[in-house]
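Here's the structure we're looking at; comments come further down.
Readers should treat all values here as calculations from the given coordinates under stated rules, not as data from a laboratory. Worth saying up front: this structure is predicted, and the values here are computed from it rather than measured. Cβ placement follows ideal geometry from the backbone for every residue including glycine, while neighbour counts extend to all protein chains displayed.
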Amino acid sequence: MKINFLKKYYYGDIPEDKAGGNNTEHQGSNNDWPLWEVFIRSKQGLDHKHVGSLHAADAAMAIENARDVYTRRAEGVSLWVVESKHIHASDAQEADSLYEPAMDKIYRHPTFYELPDEVGHM
Amino acid sequence: MENVEQKFQDSVNAEIKIEPRNWMPEAYRKTLIRQISQHAHSEIVGMLPEGAWITRAPSLKRKAILLAKVQDEAGHGLYLYSAAETLGQSREQMINDLHSGKAKYSSIFNYPTKSWADIGAIGWLVDGAAILNQVMLCRTSYGPYARAMVRICKEESFHQRQGFDILLTLANGTPEQKIMCQDAINRWWWPSLMMFGPKDSESSNSDQSMKWKIKRKSNDELRQNFVDMCVQQVKVLGMNLPDPDLKWNEAKQQHDWGEIDWNEFWQVVKGNGPCNKERLEARRNAWDNGAWVREAAAAHAQKQKDKQKQQAA
């Protein structure tokens, strides 16, 4: 039985040697620029949301490419780019046990409590 | 192991999207890499026939529109490459496979664009056929692919409408323009029907792809939708579809059409179409001629990084 809840994984669970760009610094056989994940805030007041990824040599180029690739129709007012190798994710195989504790605490939800109608909106 | 595979199929059946880090059968991964990278290559190679007319567009308005459309195709290619990369395929590998001829792209782009009307016909017919396929793929079982398709479909309808708009303008123009319009339709009609791929009775991949919900409609179903749709639209243009056997089938409540030249289809797939060599050569040249840009950008990024390190030290 595996008990490690969180493991260090690259986005997409891609092994490092195949991650397409993460090895640029080593000048290995893989010459792709690093992979970046792109997040867009569609308008002021909303969160940044992941929209996809792209390759770029550095952060400035990643922002410029993200503008061209992901915001050709005014999709956003703000961009974040994060190099994919810096994103750590929870293990999909462990999702059941990882999120299970949230499911059995129904008393965390307001609908758990039955109050008299006279209380009104609460 | 069987248990994991059954769990995977159950998720697919329950319409739960498969995400990159979920377990998936190796064949599912391979099928998707092949299909998504092919799709990406088609967007990229698809820029070439249209790009040929950017400098020759008949007005500044048409030129600006065509530029925007070709830029969209580049964007679509990039969405799809990044979706394929989530399956563990590197970008470089995909590009290499395209350039070596190992990976295929849609054969439609191996036909030449001889007149301005061809740009209209591509928008109406080629993008029209692609949209039917892509609308279906918005519901494909693999999450990153489905999300890329949603984004693409949002942008694609502009492509089809601008194409129809070009043809409509020609159809209402001078006698020469009308001839040009009909000629483009004549040349693009059959290759467009071929875009949906071999008949269901001869397609080996369709069944498994349907079971995995990668595809949701068969080649023949999509082709039928396309024909029925175009028969209506060509009337608006006042033009004809070049098929004497095309007629309404009252019993089926669908159109019947003539036999596709499958020999031509396989010839073009195998590399013997009118422009196969030219297209691949253009891609390879673009890649080779861009090498210094890639190297310079990487060198610059490294230099900046070193500078930062020095400052921190």
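B:K17: net charge of surrounding residues, Cβ under 13 Å, Lys/Arg +1, Asp/Glu -1, itself excluded? Here the charged neighbours net out to +2. For chain B, the Stokes-Einstein estimate of translational diffusion at 10 °C and a viscosity of 1.306 mPa s comes to 75 µm²/s, using the Kirkwood hydrodynamic radius over alpha-carbon pairs. If exposed means no more than 15 neighbouring beta carbons inside 10 Å and the site is in a DSSP loop, what's the longest run of chain B without any exposed GluC sites (Glu not before Pro)? Longest site-free region, per DSSP loop and neighbour criteria: B:16-249. Dividing the helix sum by the residues of chain B, where each DSSP H run of 4 or more adds -39500 (n - 2.57), gives a mean residue ellipticity at 222 nm of -21500 deg cm²/dmol. Approximating the spin labels as points 7 Å out from Cα along Cα→Cβ, the B:K114-to-B:E295 distance works out to 4.3 nm.
Scaled against 2.2 N^0.38 Å for its residue count N, the alpha carbon radius of gyration of segment A:27-112 is 1.52.
Summary value for segment A:27-112: 30 percent relative contact order, contacts being C-alpha pairs under 8 angstrom separated by 6+ residues. Net charge of the neighbourhood of A:L54, taken over other residues with C-beta under 12 Å away and scored Lys/Arg +1, Asp/Glu -1, is -4. Relative to the 2.2 N^0.38 Å rule of thumb, segment B:196-240 has a C-alpha radius of gyration ratio of 1.48.
Estimate the FRET efficiency between B:W23 and B:K102 by the formula 1/(1 + (r/R0)^6), using the beta-carbon distance for r and 30 Å for R0, to the nearest 0.05. That gives a FRET efficiency of 0.65.
Here the label points at A:I106 and B:E259, each 7 Å from Cα along the C-beta direction, are separated by 6.5 nm in the simple model. Counted over segment B:1-116 with a bin width of 5 Å, the fraction of Cα pairs per bin, in whole percents, is 2, 11, 17, 17, 14, 12, 10, 7, 5, 3, 2, 1, 0.
The GNM of chain B, with springs linking C-alpha atoms under 10 angstrom apart, assigns the highest mean-square fluctuation among B:A251, B:A14, B:A121 to B:A251.
Here the Kirkwood formula, the inverse mean of 1/r across different C-alpha pairs, assigns segment B:36-78 a hydrodynamic radius of 10.5 Å.
Pairwise Cα separations in segment B:80-213 fall into 10 Å bins from 0 onward with the following percentages, short to long: 11, 31, 36, 17, 5, 0.
Placing a label point 7 Å from the Cα of A:V77 along the Cα-to-Cβ direction, the residues of segment A:29-60 with a backbone N closer than 19 Å are A:39-51. Temperature 25 °C, viscosity 0.890 mPa s: under these conditions the Stokes-Einstein estimate for the protein assembly as shown, based on its Kirkwood radius over C-alpha pairs, is 101 µm² per second. Once the C-beta distance of B:N172 and A:K49 is scaled by a Förster radius of 30 Å, the resulting FRET efficiency is 0.10 to the nearest 0.05. In this structure, the amide hydrogen of B:Q254, modeled 1.01 Å from its nitrogen in the peptide plane, lies closer than 5 angstrom to those of B:N249, counting only residues at least 5 positions away or on a different chain. Would you mind getting me the FRET efficiency between B:E92 and B:R161? Use the beta-carbon distance for r and R0 = 41 Å, nearest 0.05. My answer for the efficiency is 0.70.
Count Lys and Arg as plus one, Asp and Glu as minus one, and take only other residues whose Cβ is under 13 Å from that of B:A312; the net charge is then +2.
Separation of segment A:71-122 and segment B:106-152 by C-alpha centroid, Å? Spelled out, the Cα-based centre of one part sits 36 Å from the other.
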